[in-house]
Amino acid sequence: MITELRQRLKTLALLDAIIEPEWQYRYFSYNSKWSDSEEMGSLRDGSGGEWFLWISGQLAGYKCLSPEDGLMSNIESVNNKIPSSYDSFVSEPAFSMDKATCVWYLEKSEWVKFGLPIKWLIDLETVLKWYAIDYHVWATGYYEREINISVLEKIFEGSFSSDLAIKLNPDIEMDGLQIELEEIGIYL
C-alpha cells in the first residue's frame with residue numbers, strides 16, 4: 001500500500017510540475033525529503049480545499065480539509081485516538097490538525113477513518129484509482145490546455161525522460177524541473 005501511495009503521488013506531482021512550472025498554481029505536490037525519515041504528498045485546490053499524506057516507513061496518515069463537505073466537530077478527540085507512532089503526523093504544524101473534514105491513518109494496510117465523507121474535493125482514494133485518462137480529463141479542465149494523452153500514459157506506466165517532459169510542455173525549463181524532480185524523488 002505504501003509503495004502504491006508513494007508512486008501515485010510522485011507521478012501526479014511530476015505531471016503537475018511539468019505542466020505548471022509555478023508551484024503555487026499546482027494541484028499536486030510531493031516532497032520525498034520532508035525530513036530524514038518522512039515524506040509528504042499534498043493537494044491544494046486554491047479555494048481552501050487541501051489534503052496531506054504523511055509517510056514514514058510503513059506508516060501513513062492522511063488529513064483532508066474540504067470546506068464544502070464540512071468540518072469534523074471532534075478533531076481533538078480523534079487526534080487522541082490515533083496511535084502514538086503517528087505523533088509526528090498529528091503534531092505537524094503544516095497539516096493544520098486543528099480542523100479537518102477527515103483524518104485517516106494506515107493500520108495493517110487498511111485505512112482507519114475518522115470524519116466526514118469527501119464529495120467536493122478529489123480525495124486520496126480517488127487518485128489511487130486514476131489512470132492516465134482520468135488525470136487527462138481533470139488536468140485539461142483545471143489547466144485549461146490540451147495535454148498529450150500518450151505522454152501521460154507513458155508517465156503513468158513509470159517511464160520518464162526529458163523528451164517526454166518537453167512533449168508534455170515544450171516551454172518547460174529543464175534546469176528548474178530538475179530541482180523539482182529531486183524534491184519529488186524522481187531521477188533522470
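Take region 20-41 and flag every residue that is of a type in the set (D, E, K, R) and in contact (Cβ under 8 Å) with a residue 24 or more places away in the chain.
Glu20, Lys33, Glu38, Glu39
Which numbered condition in (1) in a helix (DSSP H, G or I); (2) modelled with pLDDT under 95; (3) of a type in the set (D, E, K, R) is the only one that Asp36 fails?
Answer for Asp36: the failing condition is (1).
Sort out which residues of region 45-81 are closer than 13 Å to Tyr105 by Cβ, among the β-branched types (Val, Ile, Thr) and in a helix (DSSP H, G or I), and write them in order of number.
Selection gives Val78 alone.
So which residues in region 97-123 are of a type in the set (Ser, Thr, Tyr), in a loop (DSSP other than H, G, I, E, B) and in contact (Cβ under 8 Å) with a residue 40 or more places away in the chain, if there are any at all?
Listed by number, the list holds a single entry, Ser109.
Quickly run through region 82-96 and pick out the residues that are in contact (Cβ under 8 Å) with a residue 24 or more places away in the chain, closer than 20 Å to Tyr30 by Cα and in a helix (DSSP H, G or I).
Tyr86, Ser88, Phe89, Val90, Ala94, Phe95 - these are the residues of region 82-96 that are in contact (Cβ under 8 Å) with a residue 24 or more places away in the chain, closer than 20 Å to Tyr30 by Cα and in a helix (DSSP H, G or I).
So, of the residues in region 124-147 that are touching a residue at least 60 places away in the same chain (Cβ under 8 Å) and closer than 18 Å to Arg6 by Cβ, which turns out to be surrounded by the fewest Cβ atoms within 10 Å (Cβ to Cβ)?
Across region 124-147, the extreme among qualifying residues is Leu128.
With the requirement that a residue be surrounded by fewer than 19 Cβ atoms within 10 Å (Cβ to Cβ) and among the hydrophobic types (A, V, I, L, M, F, W, C), what does region 1-33 give you?
Those that are surrounded by fewer than 19 Cβ atoms within 10 Å (Cβ to Cβ) and among the hydrophobic types (A, V, I, L, M, F, W, C): Met1, Ile2, Trp23.
Residues checked against (1) closer than 30 Å to Glu157 by Cβ; (2) not small (Gly, Ala, Ser):
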{"residue": "Leu9", "(1), (2)": "yes, yes"}
{"residue": "Ala17", "(1), (2)": "yes, no"}
{"residue": "Gly48", "(1), (2)": "no, no"}
{"residue": "Ser56", "(1), (2)": "yes, no"}
{"residue": "Leu71", "(1), (2)": "no, yes"}
{"residue": "Ile75", "(1), (2)": "no, yes"}
{"residue": "Asn80", "(1), (2)": "no, yes"}
{"residue": "Leu106", "(1), (2)": "yes, yes"}
{"residue": "Glu110", "(1), (2)": "yes, yes"}
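Those residues that are surrounded by 18 or more Cβ atoms within 10 Å (Cβ to Cβ) and not polar (S, T, N, Q), I need them from region 79-96; list them, please.
Ile82, Tyr86, Phe89, Val90, Glu92, Phe95
In region 151-188, what residues are exposed (fewer than 15 other Cβ atoms within 10 Å of the Cβ) and either charged (D, E, K, R) or assigned to a loop (DSSP other than H, G, I, E, B) (or both)?
Glu157, Gly158, Ser159, Ser161, Asp163, Pro170, Asp171, Glu173, Asp175, Glu182, Tyr187, Leu188
The values are calculated or read from the model by the stated rules, or taken from the named source; none is laboratory data. Treat the numbers as computed from the prediction; the structure is a model and nothing was measured. Neighbour counts are summed over all protein chains in view; Cβ atoms, including those assigned to glycine, are modelled from backbone coordinates with ideal geometry.
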